[in-house]
Amino acid sequence: MKRSKFLALISTAFLCFGAATALAQNGPDLIFRKSVDFKLLTPNDKLATYGIDDPVIDGVVCYYTAHEKGGVAGMFGVAEQSSEVSLACRQYAPIKFKEKFGQGDTAFSERRSLLFKRMHIVRGCDAKRNVLIYMVYSDKLVEGSPESSTSTLAIQPWAGQNDVPRCGEFLR
């Protein structure tokens, strides 16, 4: 009886790990990973840097670096990841707004634990200065985290672009 429960638990862990891997393929672009410690028989803890394009604003990319726990829990995709995430957003092409957005709308979100914790990257607009503001934070069902990081992006003219769009015109 105990053996069948153990096998069911292992099977569930592998299914969750497979689902997380499949979801990650549609997620952000992994730029690189760097090990921060050594574990003999299980994966190392790592810092990973990812890039995501803003789904509502063409020409903006945000890079974030997050800690990825190794060990047995990390190997099976069930480790609760830390809330500390750094963020930097940049303009890499002419800015084009695809649709209107609200202050604090989510640009990207991902799971940071098996059930209860998520990381969010949200966007806002300083209409007076024509600056996009991005903030990353983690929340948890029971207790959130005050850990956050902010990045700003002053909208600049791009080569061949005469009119610079005003983010305030695209606020809901």
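The values are calculated or read from the model by the stated rules, or taken from the named source; none is laboratory data. None of these values were measured; they are calculated from a predicted model. Here Cβ is always computed from backbone atoms with ideal geometry, including for glycine, and neighbour counts include all displayed protein chains. For the accessible areas, the whole protein counts, side chains as well, though only heavy atoms, and no ligand, DNA or RNA atoms are used. Shrake-Rupley method; radii C 1.70, N 1.55, O 1.52, S 1.80 Å.
Taking each residue as 0.36 nm, the span from Gln161 to Arg118 lengthens on full extension beyond its C-alpha to C-alpha distance by 11.7 nm.
Residue-wise HN-Hα couplings along the range 95-105, as the Karplus relation 6.51 cos²θ - 1.76 cosθ + 1.60 with θ = phi - 60° gives them from phi, are 6, 9, 7, 7, 7, 6, 9, x, 4, x, 5 Hz; Gly and Pro carry x.
In the assembled protein chains, Tyr92 presents an accessible area of approximately 120 Å² (probe radius 1.4 Å). Database remark: amide H of Phe108 closer than 5 angstrom to the amide H of Ile121 (H placed geometrically; neighbours at sequence offset of 5 or more, or on other chains; Pro and chain starts carry no H).
Between Val131 and Leu171, 0.36 nm times their residue separation minus their Cα-Cα distance comes to what?
Working: separation 40, 0.36 × 40 = 14.40 nm, distance 1.24 nm.
This chain segment gains 13.2 nm when fully extended.
What do you reckon, how do Phe108, Phe32, Phe170 stack up by accessible area (1.4 Å probe), largest on top? Display every interim value, and only then the final one.
On the way: Phe108 35, Phe32 115, Phe170 55 Å².
Result, largest first: Phe32, Phe170, Phe108.
A 1.4 Å probe, protein heavy atoms only, puts the accessible area of Asp58 near 60 Å².
Compute the signed sum of charges (Lys and Arg +1, Asp and Glu -1) over the other residues within less than 13 Å, Cβ to Cβ, of Gln91.
Numbers: positive: Arg90, Lys96; negative: Asp53, Asp54, Asp58.
Around Gln91, the charge tally is -1.
For the pair Ala93 and Val56, the difference between a 0.36 nm per residue extended length and the Cα-Cα distance amounts to 11.9 nm.
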